[in-house]
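The values are calculated or read from the model by the stated rules, or taken from the named source; none is laboratory data. Predicted, not measured: the structure shown is a model, and the values here were computed from it. Cβ coordinates were reconstructed from backbone atoms using ideal geometry, including for glycine residues, and neighbour counts include every protein chain displayed.
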Amino acid sequence: MMRFFLSFILLAGVMSAADSLPPLKGKVPQIVAELWAGYDPRKEALKSEVVREWEEDGNVIRYVRYFVGTFKGEPAWMAGFYAFQKKAKPAKGGKKLPGILHMHGGGQRASLMLVKFHASQGYGALSVNWGGRPMEGAKPGEANTDWGAVDPTQNNVPGYFNVLPGEKFLDAVESPRNCNWFLLTIGCRRGLTFLEKQPEVDGKQLGIRGHSMGGNLTMYVAGTDARVKVASPSVGGTGFRTFRYYDLPPQIRNVRGNLELFRRTMGYQFYAPRITAPLLHLGASNDFHGQMDATYATGARVKKSVPQRFVFAPHFNHRFNPEQQVARVLWLDQHLRGGLKLPATPVSQLKLTDVPIFRVTPAKGLPVKRVEIFYSVDPDPRSRFWRSTSVRRDGTTWTGALPIMDTKRPLFAFANVYYQLPKPAALPRNQTVQEVCISSLLHEAKPQMLEAAGVKTSGQTELVIDDFKRGFRDWFIINGNHRSLCQHWTRKITDPKWSGPEGAKLALTLQSEKPNVLAFVLKENVWRNYRGKQREYIAEVRIKGGALETVKLGLKNFKSVTDGAAPNSWAHMDQLAICAKYEVRRPKPMVFAADPWQGPKPVFKRLEWQLED
């Protein structure tokens, strides 16, 4: 009762205060510097409350709320989880714990799991609940995020691409302060103020991280707040989102209000040059949100004096392998706790000869376990298939040939270098990993460059999609450790070298110890609505089990999950999956290959197109 009374007193006091951001008078901010001029996240008193506190695994965990500011006469409060290890040792040379601010992604909420993980690693960690979803484990009546008279949450989606005035927006005139990201950035910068005021935390050692929409916020905060000493966005915070790329539609097609004003004040490419903290971009090579090409283009605008790394998980969309994920953990440790120093970005070169060649020289510092070189001829970063090439080592340099069939298509290439860690590194959910991945820069050669360099075409279309002699290097695997839920996905069939010929059947030779059912999934026009409607087709196949067998599927064997119709062609298929179980949510919930898998996982021997006589 007393805590409720004190919270009421605090709330009443804030409600009577003047607005944190007075109405605009005169000129509307036109650039990033003008937008943030004069705002000080320390200026207003940071009132806060502990909603609930408990101890778990040696960590002190608090469900907290802090005052963001007063907007349009009403207070805004941010909820979150804050945690620190009760007996944690300070970083080298320090007397207090470094702090980490975590910003969740779209549709998510403050992460209790992440603050517990970072606390166990010797940090004071705060995860803010900017989206306002119910806090994990919240009890009835417990306070949550409350934005008051404004709403920058996903209940107000148009506000993310907006500069126009409105009921839930800040200014009565067209202004970048009417963009949701402006208020959310203020809320997160106030989160840094919360962290630096905690008695356990060293306010001069603060790092930030965020995923997806939280990655966007990571770039905004890093580009506006000098207190940030290290930053790592993942699959978010990439610029040039309102620009066309190779005649592809832009990510943001409809901005509400002045497009140029939105670009100049909210485009991440204009925040990148303002970042002074070491920056690690964690990405997925086929991400729909933090697109790979745009990530590198945004990173190119960061000052050369700022340490920067790129880490990309091949074939994935919006997720990573442990070897990529651990790079962020180690990056934060390096710059906040004096931990292991990550190797520099590998030196790389794309040489346009008769057959293009990619060279990569890993940085020194850790033993190199392996080098992988990938290339693609698809201009769409979301849907492209990344071909892997054979790699040859010559001293300290690894080289791979990149044969292409058509010089009318652009060429893209990058490398991943995997280093051996001196000891296993920890990840959330009790994972450990023994290697860390660092990516090279992304290299691009436009068709006119290929032709000017005299690049020759070589090779031809192939009927064999995969003989699996290199395992699943051309695939991405979901639920790989769960035999009844395992899914193997590839974009190889969208590449012109392996796309399905007219009249062909898809044939998989495999061996399963026992009878089972597999679901084959085809996705058409994935992220390519400029080419046609996205459709999904499923075929369920019974596997006899025992001896080696070949399954053959024609177009008529696949049925649309929408209307049951078969596809007309293989031509626009972008993804193929072979699943032990597959669930569809739309247009209605459906489960394919629903029976639990029996026996060990199947062994795939050959996947190919077979032409009928």
Here are LYS514, LYS469, LYS505, LYS456: which of them is within 21 Å of ARG387 (Cα to Cα) and either in a strand (DSSP E or B) or in contact (Cβ under 8 Å) with a residue 12 or more places away in the chain (or both)?
LYS456
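Here's the yes/no breakdown for (1) buried (at least 22 other Cβ atoms within 10 Å of the Cβ); (2) without any contact (Cβ under 8 Å) to a residue 40 or more places away in the chain; (3) under 21 Å from the mean Cα position of the chain (by Cα):
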site	(1), (2), (3)
PRO134	no, yes, no
GLU142	no, no, no
ASN156	no, yes, no
ASN162	yes, no, no
GLY166	no, yes, no
ILE186	yes, no, no
ARG190	yes, no, no
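Give me the residue from the range 27-48 that is under 14 Å from PRO176 (Cα atoms) and assigned to a loop (DSSP other than H, G, I, E, B) and, out of that set, nearest to the chain's Cα centre (by Cα). Reasoning before the result, please.
From the range 27-48, those under 14 Å from PRO176 (Cα atoms) are 27-37; that's our starting set.
Imposing the further condition that a residue be assigned to a loop (DSSP other than H, G, I, E, B) reduces the set to 27-31, 37.
Values: LYS27: 36, VAL28: 33, PRO29: 30, GLN30: 29, ILE31: 27, ALA37: 30 Å.
Among those that are under 14 Å from PRO176 (Cα atoms) and assigned to a loop (DSSP other than H, G, I, E, B), it is ILE31.
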Given the conditions (1) buried (at least 16 other Cβ atoms within 10 Å of the Cβ); (2) over 18 Å from THR550 (Cβ atoms); (3) not acidic (Asp, Glu), which single one is not true for SER512?
(2)
Condition (residue is under 27 Å from SER111 (Cβ atoms), buried (at least 20 other Cβ atoms within 10 Å of the Cβ) and in contact with a Lys or Arg (Cβ under 9 Å, 6 or more places away or on another chain)) applied to the range 303-311: is it met by at least one residue?
yes
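Suppose the filter is surrounded by 18 or more Cβ atoms within 10 Å (Cβ to Cβ), basic (Lys, Arg) and not in a helix (DSSP H, G or I); does ARG328 pass it? If you could, list the steps in order and put the result at the bottom.
Values: surrounded by 18 or more Cβ atoms within 10 Å (Cβ to Cβ): yes; basic (Lys, Arg): yes; not in a helix (DSSP H, G or I): no.
Considered against the rule, which asks whether it is surrounded by 18 or more Cβ atoms within 10 Å (Cβ to Cβ), basic (Lys, Arg) and not in a helix (DSSP H, G or I), ARG328 comes out as no.
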Taking strands (runs of 3 or more DSSP E) that fall entirely within the range 355-416, which contain at least 2 residues that are crowded, with 20+ Cβ neighbours inside 10 Å and touching a Lys or Arg at 6+ places or on another chain (Cβ under 8 Å)?
368-376, 397-401
Can you tell me which residue in the range 444-470 is farthest from the chain's Cα centre (by Cα), limited to those that are farther than 16 Å from TRP498 by Cβ and crowded, with 19+ Cβ neighbours inside 10 Å?
VAL455
Residue identified as farther than 27 Å from ARG392 by Cα, out of contact with any strand residue (DSSP E or B) (no Cβ under 7 Å at 6 or more places or on another chain) and either at pLDDT 95 or above or not hydroxyl-bearing (Ser, Thr, Tyr) (or both) among GLN334, GLN308:
GLN334
Within the range 515-532, restricting attention to residues that are within 28 Å of ALA594 (Cβ to Cβ) and polar (S, T, N, Q), which residue is surrounded by the most Cβ atoms within 10 Å (Cβ to Cβ)?
ASN516
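Kindly indicate which of ARG531, ARG491, ARG535, ARG586 is touching a Pro at 6+ places or on another chain (Cβ under 8 Å) and assigned by TED's automatic domain parsing to the domain that holds ASP474. Please lay out each step first, then the result.
Numbers: ARG531 fails: touching a Pro at 6+ places or on another chain (Cβ under 8 Å); ARG491 fails: touching a Pro at 6+ places or on another chain (Cβ under 8 Å); ARG586 fails: touching a Pro at 6+ places or on another chain (Cβ under 8 Å).
Exactly one residue qualifies, and that residue is ARG535.
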Quick one: would you say SER484 is in the same structural domain as ALA577 (by TED's automatic domain parsing) and small (Gly, Ala, Ser)?
yes
